[in-house]
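Accompanying notes for the structure given below.
The values are calculated or read from the model by the stated rules, or taken from the named source; none is laboratory data. Bear in mind that the values here come from a model prediction, so they are computed numbers and not experimental data. Methodologically, a virtual Cβ is constructed for each residue, glycine included, from the backbone with ideal geometry; neighbour enumeration extends over all protein chains shown.
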């Protein structure tokens, strides 16, 4: 068995139909447990007070905003190299999900930044690269809508995705590149001194799992919709020719 | 049951509220698109099947 079997729309539809209910159930379970635990049953931080509860939304959303773009990059490269339509449609399906995560990260970051830094926004390297990533998501979605031929749209958006990856990487590593700005380093680290305390860490990891599962569920569902939409277009074209 | 958020109540509640609204909108939009496309596909496939039947007959 090869992974490329799933590039066949029929095989993808069969497998995703089986996987979707499980992914949805796991998403609801992880998000409910993680968010309820984080919101109701964790203490305030000694420095940040109750605002530490924003970590359960901000960190997973920011992680997934970057990872969604990486997934779109991989899918776009598969389309560009191997011309598998399902991968191009999966990249298209993931973009609105990634944009939503980016918006959540920006909004919760501003709401967290105001009481902690005394400002809603700063032209900090990480914040700025995140804003540019958000604009790339919008441009990517707009480009898909603007080009009528789906293969040409997939080619052009694939190139845009490669260019935008620079900002996805910058969003992740800007804090390390430029040792300046307001944003602190990573909340999760292998280094025990850098890592957040266990009392916050466990619900945070469950929330991250929940956001990953939410992404998988929505991308599977939206890719199925895109495959159906492409079949509608093909059948309508055949009707017009008949 | 509600934790005491003190002076940070606005920041915390607005963060949770904005996240729920954004994810809720994305999920609702995804389900609406899914239902619309599925309905159109069923109609077009039924027409295609009827056309094939007519041609065969």
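Observations on the structure shown:
- The residue that is surrounded by the most Cβ atoms within 10 Å (Cβ to Cβ), among those in region B:1-15 that are under 29 Å from the mean Cα position of the chain (by Cα) and more than 7 Å from chain A (Cβ to nearest Cβ), is B:13.
- Subset of region A:120-149 [touching a residue at least 60 places away in the same chain (Cβ under 8 Å) and over 15 Å from residue A:168 (Cβ atoms)]: A:122
- Filtered by the rule that a residue be within 18 Å of residue A:202 (Cβ to Cβ) and free of Cβ contacts under 8 Å to residues at least 12 places away in the same chain, region A:42-55 gives a lone residue, A:44.
- Boolean, residue A:121 is assigned to a loop (DSSP other than H, G, I, E, B) and more than 13 Å from chain B (Cβ to nearest Cβ): yes
- Among the residues examined, residue A:57 does not qualify as modelled with pLDDT of 95 or more, touching a helix residue (DSSP H, G or I) at 6+ places or on another chain (Cβ under 6 Å) and within 21 Å of residue A:224 (Cβ to Cβ).
- For residue A:103, the criteria (1) surrounded by fewer than 20 Cβ atoms within 10 Å (Cβ to Cβ); (2) within 13 Å of the chain's Cα centre (by Cα); (3) more than 9 Å from every other protein chain (Cβ to nearest Cβ) hold in every case but one, which is (3).
- Residue match in region A:129-143 (condition: within 14 Å of chain B (Cβ to nearest Cβ), exposed (fewer than 13 other Cβ atoms within 10 Å of the Cβ), at pLDDT 95 or above and closer than 21 Å to residue A:76 by Cβ): no
- Options A:75, A:25; residue that is away from chain B (no Cβ under 14 Å), without any contact (Cβ under 8 Å) to a residue 40 or more places away in the chain and surrounded by fewer than 23 Cβ atoms within 10 Å (Cβ to Cβ): A:25
- Residue match in region A:6-13 (condition: touching a residue at least 60 places away in the same chain (Cβ under 8 Å), surrounded by 14 or more Cβ atoms within 10 Å (Cβ to Cβ) and within 30 Å of residue A:111 (Cα to Cα)): no
- When we screen A:154, A:68, A:94 for residues that are over 21 Å from residue B:25 (Cβ atoms), in contact with a helix residue (DSSP H, G or I) (Cβ under 7 Å, 6 or more places away or on another chain) and modelled with pLDDT of 95 or more, the only hit is A:154.
- Restricting region B:21-44 to residues that are more than 7 Å from every other protein chain (Cβ to nearest Cβ) and over 14 Å from the mean Cα position of the chain (by Cα), the residue that is farthest from residue A:100 (Cα to Cα) is B:43.
- One residue alone among B:7, B:38 is within 23 Å of residue A:53 (Cα to Cα) and touching a helix residue (DSSP H, G or I) at 6+ places or on another chain (Cβ under 8 Å), and that residue is B:7.
- Looking only at region A:107-118, residues that are at the interface with chain B (Cβ under 10 Å from one of its Cβ atoms) and either without any contact (Cβ under 8 Å) to a residue 40 or more places away in the chain or not in a helix (DSSP H, G or I) (or both) come to 3 in all.
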